[in-house]
Amino acid sequence: MKWKIWGGILLVILISSFLWIKNNQTIKVEEVADDYVIYENSGGEYKMMIPKNWSIDEASGSGVFSTRVVFRPTENSKKIGNLAELSVTVVPATSTGSAFSTQAEFDEWIAKPDSAATMDGMFKIKNETISGKPGVRISELASVEEKNTKFWSSTSWLRIDGNNYYINMLGNGPGDFAEESSFAWLLSKFEVLPTN
């Protein structure tokens, strides 16, 4: 089964290059109104609002990324269109050599016009502000050849003090405005925490 999506590419880069270590720490969530909770990652780097009862799979890395958290809807949780997973990966400034990791690349994507595409099928959706910082949203649509199923990925990338934050939304079927508006709302609830 072959499919190529930006989130998948990022995930493959991270997994193939580095050892994942599951965190045994207690996951911090605070319940809020309207079936949502506020999640704070164990590294204390950020907090964000997610639907209540979504599964939370947090891992810390050795070497390149500090944390990667994957959130998925469950049978007992709110669904967001065709969204299959939401993930946040934090890559510290000391890690280099990967695609989408340098200030120069970030500046290049920020300067591109909306809908600008690359040779490998990625395209810029828009510039955005996340947690008061500039970011860029990049997307890709790919097909699975065997089943002719569409998969899509939309990643918001921001850099803070040289660290890269990748917030990825991944789904199947047609990606539409339900996912896009929900993703925008979730991003508006993403907060980078001050470092000590």
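Of all residues in segment 83-91, none satisfies being closer than 22 Å to E40 by Cβ, in a loop (DSSP other than H, G, I, E, B) and in contact with a Lys or Arg (Cβ under 8 Å, 6 or more places away or on another chain). Condition check for V37 on (1) assigned to a strand (DSSP E or B); (2) farther than 17 Å from V192 by Cα; (3) modelled with pLDDT of 75 or more: one failure, at (2). Put simply, of T26, T74 the only residue that is assigned to a loop (DSSP other than H, G, I, E, B), more than 18 Å from the chain's Cα centre (by Cα) and modelled with pLDDT under 65 is T26.
Within segment 34-78, being among the polar types (S, T, N, Q) and more than 21 Å from S188 (Cα to Cα) holds for S60, S62, S66, T74, N76.
The values are calculated or read from the model by the stated rules, or taken from the named source; none is laboratory data. Everything numeric here is computed off the predicted structure, so don't read it as measured data. Cβ atoms come from the backbone with ideal geometry, glycine included; neighbour counts cover every protein chain shown.
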